1. Report, to the nearest whole %, how much of the accessible area of the stretch 27-89 belongs to carbon and sulfur atoms, 1.4 Å probe, protein only.
2. Work out from phi, with θ = phi - 60° and the Karplus expression 6.51 cos²θ - 1.76 cosθ + 1.60, the ³J(HN,Hα) of each residue of the stretch 157-171, listed in order in whole Hz, and give x for Gly and Pro.
3. ³J(HN,Hα) across the stretch 327-338 via Karplus (A = 6.51, B = -1.76, C = 1.60, θ = phi - 60°), whole Hz, x for Gly/Pro?
4. Could you let me know the centre-to-centre spacing of the stretch 178-239 and the stretch 53-86, using Cα atoms, in angstrom?
5. Using the heavy atoms of the protein chains alone and a 1.4 angstrom probe, what is the accessible area of the stretch 42-89 per residue in square angstrom?
6. Sorted by average packing, counted as other Cβ atoms within 10 angstrom per residue and highest first, what order do 171-183, 224-236 take?
7. If you plug each phi of the stretch 218-228 into the Karplus form 6.51 cos²θ - 1.76 cosθ + 1.60 with θ = phi - 60°, what whole-Hz ³J(HN,Hα) values come out, in order, with x for Gly and Pro?
8. Search the structure for amide H atoms under 5 Å from the amide H of T180, placed 1.01 Å from N in the peptide plane, and list their residues when 5 or more places away or on another chain.
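The values are calculated or read from the model by the stated rules, or taken from the named source; none is laboratory data. This one's a predicted model, so the numbers in the text were calculated from it and none came from an experiment. Ideal geometry is used to build each Cβ from the backbone, glycine not excepted, and the neighbour counts take in all protein chains shown. Heads up: the accessible areas ignore ligands, DNA and RNA and are worked out on the full protein's heavy atoms, side chains in. Shrake-Rupley method; radii C 1.70, N 1.55, O 1.52, S 1.80 Å.
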Amino acid sequence: SSSHPPSTGRGLEFTQALHSFVKQHLGSWLQIASLTLQSDPASITAEEFDVLGLILCGGTSKTQPLWKLSDALPELASKSSMPTAELRKAVVKLLCWNEDVYTTDVAKDGLEPRAKTLNISNVLRGIWFHRPHNAEIEYLNIADCKDSTIYVTARIRYCLITGCESTTIILGGVSTICTTHNCEKVSVHVAAHCYKMENCIDTSAYLYCHIPPIITGDTRGIKLAPYNVLHSHMASVLHGSQMTLDSNFVDVWAYPICCTAGQNDTLSRDAFQEEQNTTYHFVHPSKFFPVVVPETGPRGVAPQLVLPEVYDRAMKERQEEIRQVMNQLKGISNETAQRKAQERIQSCFKDWLHSTGKVRQLSDLAKFAAQFQQRL
């Protein structure tokens, strides 16, 4: 079992707790905004109240909030200031959860979320496949999934992965930040502007990022490698997320900033000294393989991965080995011998599927293919 406590998730109970937290601490926030920390201010100006726009938003539309938070309270906007007690009473009366943006609903397989937030939680020994690839997701929350595979190939702004165990998560482009929190034996594949890992054990991250990954908390046994996802629509997804693969950032993932428990230095280590690091190490090039996202219908042209030279060379060597094996099979003129060779390869492949537990994944993917006829 996981060494970390279970995740709270993003369900109704969690949002109610946040709602109560805001009500309880609104007075303290107004003190901070007005810089009167010793006592409650007599009144709050519109400019001071606008500071809380970092946390709160207001307006007639939940998807298009007003530019200034004070504009949501006509009395404050017209008078430029308002007694603190009256302001608190007005805010508490109007305060509600923004369900249109931060939905508490858990997404169902194959159905588009009705809000900008996509919540995937409690997937157990299964495959979750988000469709379609050209969707835009503001907030992606993946919580409490175990022994599963999650595919989300849409454009994402923020992503939080929390409380997952023995799960593989394949993502497209995350334009802001992707965080992995309180996870164990998880494999994350993502192209993110910023990637953060906190309180994770025996977790792998296959990354393309613009700034060095951040590793914090009680985190250890981490494997790092370059981004390795192949999908025929991935180029457009990464472009839409402003994460187009660029050789200028080819090895940024290899220089993480470590602020982990028990570690004296908080700066990134030299890539050539990583064998001395107990927090993380690199996936060996000989064990680095691409992840191909399943697709229905004809497959388009997959984008080219941008890899450090040592990984690129290792992949090309394996591709050449496969070509040589295929040529050897084609060179067998005897049909009986050729059939026996193919049967032997198929038998070894089936043994591998059973030994690695991939049979269940193939079965689940076959169900998806039957359920959805349109192309991903």
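1. Within the stretch 27-89, the accessible surface is 56 percent carbon and sulfur.
2. 3J(HN,Hα) across the stretch 157-171, in whole Hz: 9, 10, 9, 10, 10, 9, x, 8, 9, 6, 10, 9, 10, 10, 10.
3. Here the 3J(HN,Hα) series is 5, 5, 5, 5, x, 7, 7, 6, 5, 5, 5, 5 Hz.
4. What the calculation gives is 38 Å, centre to centre.
5. So the stretch 42-89 comes to 66 Å² accessible per residue, rounded to a whole number.
6. Most protected by this proxy first, the peptides run 171-183, 224-236.
7. Per-residue couplings from phi come out as 7, 10, 7, x, 8, 10, 10, 7, x, 4, 9 Hz.
8. Here I161, K196, M197, E198 satisfy the definition.
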